[in-house]
Each structure stands twice: as C-alpha cells, then as structure tokens.
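Here is the structure we will look at.
No lab work stands behind these numbers, since they all come straight from the coordinates. Quantities reported herein were computed from a predicted structural model and do not represent experimental measurements. Here Cβ is always computed from backbone atoms with ideal geometry, including for glycine, and neighbour counts include all displayed protein chains.
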Amino acid sequence: MHPDIESNYEQAKKLYKKHGIDVDQALNKLEDIKISMHCWQGDDVKGFLFRDQALTGGISVTGNYPGAARTPEELRSDLEKALSLIPGKHKVNLHAIYADTTEKVDLNELEPKHFQKWVEWAKEQGLGLDFNPTCFSHDNSKDGFTLSHPDPEIRQFWIDHCIASRKIGAYFGEELGQTCVTNIWVPDGYKDIPVDQLAPRKRLKESLDEIFTVEINPKHNLDALESKLFGLGSEAYVVGSHEFYMGYGLLNNKLICLDAGHFHPTESIAGKLSSLSLFSEEILLHVSRPIRWDSDHVVIMDDELMAIGREIVRNDLVDRVHIGLDFFDASINRVAAWVIGTRNTIKALLRGFLEPTELLKQAELEGDYTTRLALMEEFKSYPFGAVWDYYCAKLGVPVREEWLEEVKGYEKEVLLLR
C-alpha cells in the first residue's frame with residue numbers, strides 16, 4: 001500500500017473519531033455487504049437461449065460499443081474482470097435467458113442442470129447467484145402480456161416458467177450456501193387507457209397464487225416482486241403497479257422490489273425504505289438511474305444514490321435490504337459500466353457509515369435542527385475519499401481511476417478481438 005494512502009487514512013480516522021465514528025468498524029461492516037451485479041449489462045440483455053429474438057417488454061438498449069459478450073464463457077470472463085476491480089465479494093444476478101446449455105429448451109422447461117456451469121463458476125469465484133424469470137423477448141409475450149394474459153394457455157406457460165425459475169433459484173442457494181433472491185417482473189400493460197383495469201390484475205394475482213403454491217425453502221430462495229410505473233408500450237397502464245405488488249407482497253410474505261428507475265422520474269425511493277421496513281422483514285432494492293422516460297442508466301453517485309445509502313445505514317437495514325443493480329448501456333465499455341455502477345453503490349453505503357448518525361438523531365430529537373443541518377452539511381466535505389482509497393487498497397483493487405487503465409487494456413486485448 002502506498003504510504004500516502006495509509007497516512008491520509010489515519011488522518012481521516014482522527015477527524016471522524018471526534019464525532020464518535022469508528023472508521024475501521026465501518027469498513028468491516030461494508031466488507032460484509034454483497035452487491036448483486038446484473039449479468040445483462042454485459043451483452044445488452046440478449047441472453048443465450050434465443051439470440052435472434054428481438055428485445056421486447058418495453059426494454060431498449062442503445063449504442064453499439066464493441067465487445068459485447070456472445071457466449072457464456074465470454075460473459076463470465078467479462079464479469080471476472082469487472083469483479084476484480086471492485087472491492088469485496090459479491091453476487092451475480094442472472095436472467096433465465098442466460099442458461100448455459102447446448103440443449104434446445106424453452107423457458108417453461110428450464111431446470112437447474114441448464115445452469116450447472118454458472119454454479120460451478122460461482123463456486124470457483126466465491127460468489128453468490130440471484131435469479132429472474134425472463135418474461136419478455138419471447139413469442140408468448142409479443143402482445144405485451146404474460147402472467148395476466150387473457151389466454152389461459154399462454155398464462156400457464158408463464159406460470160410454469162416462474163415455477164421453474166424458483167426451483168433454479170433454490171438450487172443456487174443450496175449449492176452456493178448463499179440465499180438466492182428470485183425476482184419476478186412482468187411487462188404487462190397497455191399503451192393507451194384501458195377500460196378494464198381490474199381484470200388483468202385479478203389474472204396476475206391468480207397466476208402468482210399458483211406460482212407460490214410450490215413450496216421452496218426460504219433458506220435457499222426468497223421470492224421478490226417488482227413493480228413499474230410505465231414502460232415503452234405500457235405508458236398508460238401497468239398491471240403490476242407498486243400498489244398491487246406492495247399489497248400482494250405484504251399479504252403473502254414476499255419481498256417487494258423497489259427499483260430506483262420504476263417510479264416517477266422525480267420520485268425518490270430512499271424514503272420508502274423506512275416505511276416498508278416496518279411491515280416487511282426484507283426488501284429487494286434495484287439500484288438504477290432514471291433519465292426522463294428511460295429507467296436504466298449507469299449508476300452515478302448522485303443525490304438519490306447517496307440518499308439510498310444513508311437510509312439503509314441510518315435505519316439499520318443493512319442486513320434486511322438485498323441490493324442489486326439494474327442498468328444497461330451499450331454506448332460505453334460494458335465492463336466499465338459494471339465497475340462504475342458497483343463502486344458507486346458501495347461508496348454510497350460507505351458515506352452512510354461515515355455519518356455521525358446517533359449524534360444527528362439526538363440533535364433532531366432535542367429539536368436542535370441547527371446542529372442537525374450544520375453537521376449534515378459539513379460532513380459532505382469530510383475526507384471520505386481517503387477512506388475509500390484505503391478500502392480499495394486494503395482489498396487489493398485499484399485505487400481511484402487506476403481501474404480504467406486495466407479496463408482499457410482488457411478492451412484492447414479481449415473485447416476488440418470479438
């Protein structure tokens with residue numbers, strides 16, 4: 001470790017200690033947090049089951065930066081490179097279309113064996129795996145409906161797929177010794193205003209009821225449900241709204257997924273965490289960045305991300321919130337996108353740990369809002385960067401922008417040759 005990094009860290013520790021913050025303890029807590037890094041940034045959400053299928057479900061990936069992964073081996077190589085530049089041990093989040101198999105198999109026929117190579121790789125890398133049924137980019141989703149489809153045969157196809165996905169998630173959890181979170185998101189909705197908003201939601205509820213009749217050990221797999229405000233092709237009405245899934249999740253003991261890009265563009269989800277934590281034991285969080293009508297830009301350390309990190313730490317939700325990433329950008333180096341987004345998410349949590357939370361809460365309780373505001377503002381310029389540099393160096397990953405040189409080298413030696 002460079003002497004300046006250690007020296008700067010020791011100076012920063014002294015400053016934080018004046019306000020009762022144990023920086024060493026904060027870093028130990030941070031190291032225990034696992035971020036679930038999404039595989040679909042690496043190949044623009046194409047997967048391997050239906051490579052020629054057009055991307056549907058209101059999902060759009062723009063850009064044509066060279067080097068997208070074309071095979072499971074290439075994708076795993078890219079993930080390894082990204083993870084080697086991110087401090088800590090984390091998880092990888094898979095969609096069903098990323099099955100690694102030579103067998104011709106449809107979504108409703110998937111089994112754990114079709115993901116055996118992913119599990120073997122995760123064991124080698126010391127990683128956990130999360131999972132998602134892929135309810136888009138398929139002939140049975142071409143009209144924009146899946147679990148709420150009026151055709152019972154099509155609806156059953158998606159029910160069977162979700163049941164299969166939960167069993168695959170349980171396989172991940174049992175084999176890897178890390179609980180898998182299997183998250184269900186469906187694109188169902190109307191482009192224009194529907195007459196009957198109730199019937200599709202009744203069908204969705206009935207489908208979910210059938211999916212969850214199959215009992216899965218929660219030690220191995222946890223179920224989550226993800227809402228969305230609107231999407232391309234479902235601008236007027238989304239069947240799986242926030243209110244629908246919050247009600248269903250709370251009544252049926254399922255995790256509710258809060259995706260930062262699935263609410264109104266000016267709506268913060270940070271404040272929702274404390275409210276939901278009173279009624280739900282655990283929460284799934286998808287960290288994304290909405291810009292106007294697009295919900296999935298690479299995560300930057302903006303006000304919303306820092307607010308999310310603070311809320312998780314301030315409310316002691318670190319062990320109750322499962323944090324995953326969800327964005328896709330084909331206009332930049334895809335490995336760099338992972339590194340930028342994941343490192344920023346970890347930084348936001350670190351900044352939460354480096355706040356004098358108890359001191360601020362006490363000032364607030366006493367009505368001393370002057371002290372609360374003054375300290376919150378002053379801590380914005382405290383030497384957080386010195387602590388982050390030390391954390392990266394301690395865990396053997398590049399400090400500051402040094403990681404970019406490695407990504408550029410990987411691009412030249414690997415990505416541009418594809």
field: Within segment 1-133: Cβ-based charge dipole about Cα centre, in debye rounded to nearest 20 (Lys, Arg +1; Asp, Glu -1)
entry: 400 debye
query: Can you give the net charge of the other residues whose Cβ lies under 10 Å from the Cβ of residue 295, counting K and R as +1 and D and E as -1?
result: -1
message: Starting from the Kirkwood Rh over alpha-carbon pairs, what translational D in µm² s⁻¹ does segment 1-145 have by Stokes-Einstein at 25 °C and 0.890 mPa s?
response: 136 µm²/s
- request: With label points built 7 Å along Cα→Cβ from the Cα atoms of residue 197 and residue 401, find their separation and express it in nm.
  value: 4.8 nm
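Taking the DSSP beta bridges in segment 34-354 as the whole, what percent of them are antiparallel, to the nearest 5?
Working: 4 of 32 bridges.
Restricted to segment 34-354, the bridges split so that about 10 percent are antiparallel.
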- prompt: With the contact rule set at Cα under 8 Å and sequence spacing of 6 or more, what percent relative contact order holds for the chain?
  reply: 20 percent
query: Where does helix 3-17 land angle-wise versus the long Cα axis of the chain, in degrees 0 to 90, nearest 10?
result: 90 degrees
field: Rg followed by Dmax, in Å, when segment 130-253 is reduced to its Cα trace
entry: 14.4, 47
message: Show me, bin by bin at 10 Å from 0, the whole-percent P(r) of segment 231-323 based on Cα pairs.
response: 15, 48, 32, 5
Highest-MSF residue in the chain out of 212, 172, 145 [GNM, Cα springs under 10 Å]: 212
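Treating only the Cβ atoms of Lys and Arg (+1) and Asp and Glu (-1) as charged, compute the dipole magnitude of segment 34-354 about its Cα centre; round to the nearest 20 debye. Present the calculation step by step, with values, prior to reporting the outcome.
Details: 34 positive and 47 negative charges, 166 e Å.
So the dipole magnitude of segment 34-354 works out to roughly 800 debye.
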- prompt: Among the lysines, which have Cα under 25 Å from the Cα of residue 14 when same-chain residues fewer than 8 positions away are ignored?
  reply: 29, 347, 361, 380, 394
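Only counting other Cβ atoms within 10 Å, I'd like 37, 306 sorted with the fewest neighbours first. Walk me through the intermediate numbers first.
Working: 37 24, 306 18.
Arranged by neighbour count, lowest to highest, 37, 306 become 306, 37.
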- prompt: Pick from 248, 369, 171: which is most flexible by mean-square fluctuation in a GNM of the chain where alpha carbon atoms under 10 Å apart are linked?
  reply: 369
query: Where does each of 403, 293 land when they are ranked from fewest to most other beta-carbon atoms within 10 angstrom?
result: 293, 403
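Report the full-extension gain for the segment residue 52 to residue 84: residue separation times 0.36 nm, less the Cα-Cα distance, to one decimal in nm. Kindly include the intermediate steps, with their values, before the conclusion.
Working: separation 32, 0.36 × 32 = 11.52 nm, distance 3.12 nm.
Once the chain is fully extended between residue 52 and residue 84, it gains 8.4 nm.
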message: Principal axis extents for segment 34-354, Cα atoms only, whole Å, descending order, please.
response: 50, 45, 40
- prompt: Using θ = phi - 60° and the Karplus form 6.51 cos²θ - 1.76 cosθ + 1.60, what ³J(HN,Hα) does each residue of segment 281-296 get, whole Hz, x for Gly and Pro?
  reply: 5, 9, 9, 9, 10, 9, 8, 9, 9, x, 10, 6, 8, 9, 9, 10
task: Please report the Cα spread of segment 192-277 along all three principal axes, rounded to whole Å, starting with the longest.
output: 40, 31, 20
message: Could you list 312, 332, 163, 193 so that the one with the fewest beta carbons within 10 Å of its beta carbon is first and the one with the most is last?
response: 193, 332, 163, 312
- request: Taking only Cα atoms and a 10 Å spring cutoff, compute GNM fluctuations for the chain and point out the largest among 19, 149, 138.
  value: 19
